[in-house]
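One structure is given here, and the rest of the page talks about it.
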Amino acid sequence: MSEEKELIKKRGSFKGRLTVFSNYLDGLLDTSLEGDDVSELQLRLRRMESMYEPYDEVQMRLECIVDDVQSQMSERSEFESLYYKTLSRAKNMLSNYNKEIQSQHSDRASIQKPVKLPTIQLPKFNGNYNNWLEFRDTFTSLIHHNDEIDDINKFHYLRATLEGSAAVVIQSIEFSMTNYSVAWNLLCDRFDNTNLLIQNHISALFNIEVISKESSVALKGLIDELYKNLRALESLGEPVKHWDTLLIYIITRKLDQKTFREWEEFKGRLGKDKPVLFEAFMRFIRNRADLVETLELSRNNSSHTPTKSSPKLKSLVTTQSPNDSSNYMSPKPDYQNYSISHLTRFQRIEQLRQHFWTRWSKEFVAELQQRVKWRSCKDSLKLDSLVVVKDENLPPLKWKLGRVVAVHPGSDGIVRVADIKTATGVIRRAFNRICPLPVSTGSV
């Protein structure tokens, strides 16, 4: 008997909570719902929805232990009727609130002025299978499935977009409204051949033009052509995402020698046991194209600048000792041949400095010791003169410093070759490889 009283007491608790929720809804009838009211109503509703399961368990237990089952069924019917009506009221309130909000948004949208979008140009199709998917999807979305355009005008659009062998397919069809569907179906039967489309796009991958010389335009064109055919093959159901190794092999055979060498170095840094993914390969090609484009722009800009040397800079270079390490830069390691995508910000700055000093040593210093024998007569190389021996494979700081120990004049008496004593021994160099230092021998 004590168990029955306890269960009845629990059932009364459930009824009381439901009554409190019903009174809460009565209080919302005369007020307009705000954001906070809606949030509170949603929380209370979720609590009420989760209350039915424990109530059903208590009520079922009562129905099993009491003798008067009919009275318990009446209690259940009364509770469920109140329960579902109360939850229905709450959901209707939330639904009305959402409809009101949507109505406000639609009213605001209708007030805004319409924006006139630019006209979409229909692509031309000349019978090339590589362009069929693009033409078919565009024409279908803009014209074929547009119910606002009648069939005779659709036929006009179709004839205007076809060229070459594609136009011949429907050339014999009489121009009329009823024949539009005949012309469109005939065109699809002719070109919408999955096996033939796959074969053409795969052939296009193998026939991508080989890049003979490093160029950003050629690299970007290769990327565009590659992605165009891969997307078409993927739309045709081909598993292109599993062709990584095959695609990398095909495309590397189309690269120029410099890019191919950079790729092999990059691949070596990935590790021997790590698989090379096609996405990593394409990321390398894109970064390489960006680097080459940057260098091309730099060369174009430098070609438009005057090449005349500044007298102030020339006097600064000739009056300072080449052994002064503060005037020469030799950063280590050498970043000139590294891909810019693999360098940090500091390393990229160092790369630009190294490019500058390479050009300085090959262009500016060479200009300081131009051959001017047809302009004026100057003293030739003399014994015991201090010189710097040029070496294009080394930065200026690494050039050898030596002293002239022997000269070899030609038949005209002009010295063009000299023996120079350096720290590693005596070497013989031509005059165009020797930079005399503007230092008198008496001061050394």
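The values are calculated or read from the model by the stated rules, or taken from the named source; none is laboratory data. Bear in mind that the values here come from a model prediction, so they are computed numbers and not experimental data. Positions of Cβ are backbone-derived with ideal geometry, glycine not excepted, and every protein chain shown enters the neighbour counts. Accessible surface areas use protein heavy atoms only, side chains included; no ligands, DNA or RNA. Shrake-Rupley method; radii C 1.70, N 1.55, O 1.52, S 1.80 Å.
General observations
- The share of C-alpha pairs in segment 191-307 whose separation exceeds 24 Å stands at 36 percent.
- Test item: Cα-centred dipole of segment 147-205, Lys/Arg +1 and Asp/Glu -1 on Cβ, debye: 280 debye
- Across LYS398/LYS421; LYS15/LYS85; LYS213/LYS241, pairs whose alpha-carbon gap is larger than 18 Å: LYS213/LYS241
- Between the listed residues LEU33, TYR84, ILE65, the Cα displaced farthest toward the positive end of the dipole of segment 1-84, a dipole computed from Cβ unit charges relative to the Cα centre, is found at ILE65.
- Using a probe of 1.4 Å on the protein chains alone, the accessible area found for HIS156 is around 100 Å².
- Average accessible surface for segment 61-214: 67 Å² per residue, computed with a 1.4 Å probe over protein heavy atoms with every protein chain in place.
- Sorted peptide list for 277-288, 26-37, 136-147, 91-102, criterion being average Cβ within 10 angstrom, highest first: 277-288, 136-147, 91-102, 26-37
- Averaging 1/r over every pair of different alpha carbons in segment 1-48 and inverting the result gives a Kirkwood radius of 12.5 Å.
- Reachable aspartates and glutamates from LYS5, criterion Cα separation under 18 angstrom, eight or more residues apart if same chain: ASP56, GLU57, GLU63, ASP67, ASP68, GLU75
- Rolling a 1.4 Å probe over the protein heavy atoms leaves ILE208 with an accessible area of roughly 10 Å².
- Built amide H within the under 5 Å cut-off of VAL415, gap 5+: LEU381, GLY410
- Residue-level accessible surface for VAL292, protein heavy atoms, 1.4 Å, Å²: 10 Å²
- Set of aspartates and glutamates near LYS272 by C-alpha distance (under 16 Å), chain-local residues within fewer than 8 positions excluded: GLU264
- Most to least accessible of ASP67, ASP419, ASP334 (protein chains only, probe 1.4 Å): ASP67, ASP334, ASP419
- Taken over the Cα atoms of segment 126-241, the convex hull encloses 127 Å³ per residue.
- For SER385, the residues whose modelled amide H falls within less than 5 Å of its own, excluding neighbours fewer than 5 places apart on the same chain, are VAL404.
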